[in-house]
Structures are given as C-alpha cells and as structure tokens.
Amino acid sequence: MYPKLKILTNKEFDKVICEEFINSQKGGIDFGAGIVKAHPNLIITRGAEGDRTRKIISDYFDKFYTKFDSDLNETIKNAQSKWRGKEKLFFNACDKYFNGHPWPKGRYEAYLSIINCNPRFLDNKTFQFYWKDKYGFPFIAVHEMLHFLFYDLVTKLLPMADLQSKKIWEVSEVFNGLIMAEKDLTVVTVVKTPNQYPNLINLQNKLRIIWNKSKKADKFILSTLFTAY
C-alpha cells in the first residue's frame, strides 16, 4: 500500500527549524546564510542563541505568515495538485528500483516552510519543503520520500546499522542524486540533473559506477556500506 502524503502548514514547527538551522552548515552548504538571504531581518540571530533569538524568530514568523497568508495557502494548493498528478509515476518507479520493498508506516506529512532547509524526519516520516523552491514541490517530495524508503531498506538489510552515521547519510544523499537522474524519476520532478551537496559531488561520481551495475537499491546499499571509499 502506498502512503498518502498530506501537505500542510505548521508555523510553530517552522520557527523551531529556523532556530536550529540559523547557524547550521552541512555538506558544504551554509543553511543559515540561505535563511538570511531570504529574510535579511534575521541576520541579528546569526551567531546568537537563547530566548532573545527565539523571540526574534517567533515574532518575525508570526508577521510573515500573516502578511503572506493567501500566498502560502495557494502554495499548498499548487503542491497538492502537482503531487497528485505525479505520485503514481513516483511509486511505480520506487517499486522498480526497490524491488517492491513495502513503504514503512508513518505520518507522511509535508510542511510548508518559509526557509530553504528542507529537513526530513525518519522517525515519523515527515519533512519540510521551501515554499519558493526553484524546482517545485514534486522534486522535494521525491527526494525526501526516497530517504524514507532507503533508510527502511538499510534497516532490513543491515539490522545493526547506525542510521545516524555520517557514512549512511552520505550514501543516502549520493543514492538520491543518482536515482533521481533516472528517466523514471525525471518525468516526475522535471529536473534532469538533481542538485547535490558540494562536498558529496566527487563521491557521487565515484559511486555512479556501482549504481550503474544493477540500478537496484538493495545491491547499491550492500555494495557501498560494506566498502571503504
């Protein structure tokens, strides 16, 4: 059974993520710099923390969500429409590359965000999506949903694996970069060359050879997570 993805707003959660990412960097990306670029008024929170920072972010988000309420709601409607038109193609592609691996249980909720961080949460199968993302909602949804299936398959194949390890995170991101370039998925995302963390581009080029041997998720996982790279 395929999960039904709900697309929602969650302003309070968006505030929490902003506070977490305002000083965050990973994989060669400065998330905080991206937040400030979109919301210059939040520059005063860079390098700071505590109740004052939390209040500045909270007040700013309250005003922004109120001011752009109609635009945010329209973004939700457009995302729902686009995903409903593409979800069947996506699930069919997943069946092919994951050999019909069943989808894990979870909430499967996507929360609109006014900051471009797009974190995902494996424990409850939820993620955020940037409302102004240049690639559009289907691209983000495919990326995050693939993570849910990938990590669940890792758990099945390698029950003792540490899902929080850097190596598994790197391989998961590289896997997405490779599989999302396949035609079955580019027809869903309309993005022929998926973006990648700058620090993982060389690794992706290296592991492409392994992916191209079978183009199956299970074989890719077993071939990469047991190998030093």
Straight-line reach check, Lys167, cutoff 22 Å on alpha carbons, 8 or more apart in-chain or any other chain, hits among lysines -> Lys26, Lys125, Lys156, Lys206, Lys213, Lys215, Lys216, Lys219
Binned at 10 Å starting from 0, the alpha-carbon pair-distance distribution of region 1-91 in whole percents comes out as 14, 37, 29, 17, 3
Tilt, helix 11-21 to longest principal axis of the chain (alpha-carbon atoms), in degrees rounded to tens, equals 70 degrees
In a Gaussian network model of the chain with springs linking alpha carbons closer than 10 Å, the residue among Thr75, Thr126, Thr155 that fluctuates most is Thr155
Karplus-derived 3J(HN,Hα) from phi for region 116-125 (6.51 cos²θ - 1.76 cosθ + 1.60, θ = phi - 60°), whole Hz, x at Gly and Pro, runs 8, 10, 6, x, 10, 10, 5, 5, 10, 6
Highest GNM mean-square fluctuation among Asp162, Asp218, Asp152, for the chain with Cα springs under 10 Å, belongs to Asp162
Most fluctuating of Ala181, Ala161, Ala93 in the GNM of the chain (C-alpha, under 10 Å) is Ala161
Once Lys213 and Val187 are pulled to full extension, the length gained, defined as 0.36 nm per residue separation minus their Cα-Cα distance, is 7.1 nm
For region 129-229 the GluC sites (Glu not before Pro) that pass both the DSSP coil test and the at-most-16 other-Cβ-within-10 Å test are Glu182
Per-residue ellipticity at 222 nm attributable to helices in the chain (runs of n ≥ 4 DSSP H, -39500 (n - 2.57) apiece, nearest 500 deg cm²/dmol) works out to -18500 deg cm²/dmol
Under the Karplus relation with 6.51, -1.76 and 1.60 and θ = phi - 60°, whole-Hz ³J(HN,Hα) for region 39-46, x at Gly and Pro, equal 9, x, 5, 8, 4, 5, 8, 5
Here the averaged projected area of region 25-64, based on the convex hull of its alpha-carbon atoms and given in nm², is 3.0 nm²
About its Cα centre, the chain carries a charge dipole, from +1 on Lys and Arg Cβ atoms and -1 on Asp and Glu Cβ atoms, whose size in debye to the nearest 20 is 660 debye
For Lys132 the rounded accessible area (nearest 10 Å², probe 1.4 Å, non-protein molecules ignored) is 120 Å²
The Kirkwood hydrodynamic radius of the chain, taken as the inverse of the mean 1/r over all distinct Cα pairs, in Å, comes to 18.6 Å
For Lys63, the lysines lying under 17 Å Cα to Cα, once residues fewer than eight places off in the same chain are dropped, come out as Lys11, Lys15, Lys55
Where a ≥ b ≥ c are root eigenvalues of the Cα gyration tensor, a/c under 1.5 meaning rounded, otherwise prolate if a/b exceeds b/c and oblate otherwise, region 121-199 counts as prolate
Longest principal axis of the chain (C-alpha) makes with the long axis of helix 137-157 (C-alpha) an angle, in degrees to the nearest 10, of 50 degrees
The relative contact order of the chain, taking Cα pairs under 8 Å that sit 6 or more residues apart, comes to a percentage of 21 percent
If amide H atoms are modeled at 1.01 Å from N in the peptide plane, then the residues at a separation of 5 or more from Ile7, or on another chain, having amide H under 5 Å from its own are Ala110
Taking the dipole of the chain about the Cα centre (Lys, Arg +1; Asp, Glu -1; charges at Cβ), the one of Pro159, Leu203, Val188 that reaches farthest to the positive side is Val188
Its Cα gyration tensor gives region 157-229 an equivalent ellipsoid whose semi-axes in whole Å, largest first, are 21, 14, 12
Quick note, region 45-91: a/c under 1.5 would make it rounded; otherwise a/b > b/c is prolate and the rest oblate (a ≥ b ≥ c, C-alpha gyration tensor); here it is oblate
Helix 51-67: inclination vs the chain longest Cα principal axis, degrees, rounded to 10, gives 90 degrees
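The values are calculated or read from the model by the stated rules, or taken from the named source; none is laboratory data. What you see is a predicted model, and the numbers here were worked out from it, not measured in a lab. Positions of Cβ are generated from backbone atoms using ideal geometry, with glycine treated the same way; all protein chains shown enter the neighbour counts. The area values use the complete protein model at the heavy-atom level, side chains included, leaving out ligands, DNA and RNA. Shrake-Rupley method; radii C 1.70, N 1.55, O 1.52, S 1.80 Å.
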